[in-house]
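Here, each number is a calculation from the coordinates, and none is a lab measurement. As the structure is a prediction and not an experimental result, all values here were calculated from the model. Note that we place each Cβ from the backbone using ideal geometry, even for glycine, and neighbour counts take in every protein chain shown.
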């Protein structure tokens, strides 16, 4: 995002968007392939559940619906408000989408931690997006409107929350020392 904000080259945007799409499309498959034969010392082998066709279809319909709403909103912002308004609308919608995804994870996993992430994404993202309207630097404003502010807030919270959760898990499940017979 920093590189994109500080250059006029269109290639940076293409590279970033391609990496983002590939990361989203292939990320889960790559992680599952890497973990497919891992046996954990504390929990043993963990096999992932295969989603049903109905679950896959439902996820696809939801993803296409959300994408369609985002595209329509950004196009409407561009038509009625110009490039700056379209970018601002996209920034607010992206913040809402991130908060909704984190909220859905919190709901499905009954996770307070992800509920906190969702609240941070919503509140922090909205505040950052509102603050960008007052920033004079076009590069800084563009980086923030493209999501850098909300991603820094949520990313830092996820790192801290993940470390805290891992620490709690490791203390609750100490490594069992093997004893010789």
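Taking 0.36 nm per intervening residue step and subtracting the Cα-Cα distance, what contour gain separates residue 19 from residue 52 on full extension? Walk me through the intermediate numbers first.
Values: separation 33, 0.36 × 33 = 11.88 nm, distance 2.77 nm.
Net length gain for the segment: 9.1 nm.
Assuming a viscosity of 0.890 mPa s and a temperature of 25 °C, what translational diffusion coefficient in µm² per second does Stokes-Einstein assign to the stretch 135-177, Rh being the Kirkwood radius over Cα pairs? Show your work: numbers first, answer last.
Working: Rh = 12.8 Å.
It diffuses with D of about 191 µm²/s by this estimate.
Tell me, what is the FRET efficiency for residue 33 and residue 127 to the nearest 0.05, using R0 = 30 angstrom and their Cβ-Cβ distance as r?
About 0.20, to the nearest 0.05.
For the pair residue 168 and residue 75, what calculated FRET efficiency results from E = 1/(1 + (r/R0)^6), where r is the Cβ-Cβ distance and R0 = 45 Å, to the nearest 0.05? Working shown, then result.
Values: r = 46 Å, r/R0 = 1.02.
My answer for the efficiency is 0.50.
Quick one: which of 16-26, 91-101 comes out on top by average Cβ neighbours within 10 Å, and what's the full order, highest first?
On the way: 16-26: 10.7, 91-101: 18.6.
Answer by packing, highest mean first, reads 91-101, 16-26.
Rounded to the nearest Å, what's the spacing between the alpha carbon centres of the stretch 115-133 and the stretch 14-56? Just the number, please.
Cα centroid of the stretch 115-133 versus Cα centroid of the stretch 14-56: 28 Å apart.
Three principal axis extents, largest first, for the C-alpha atoms of the stretch 52-170, in Å?
50, 37, 17
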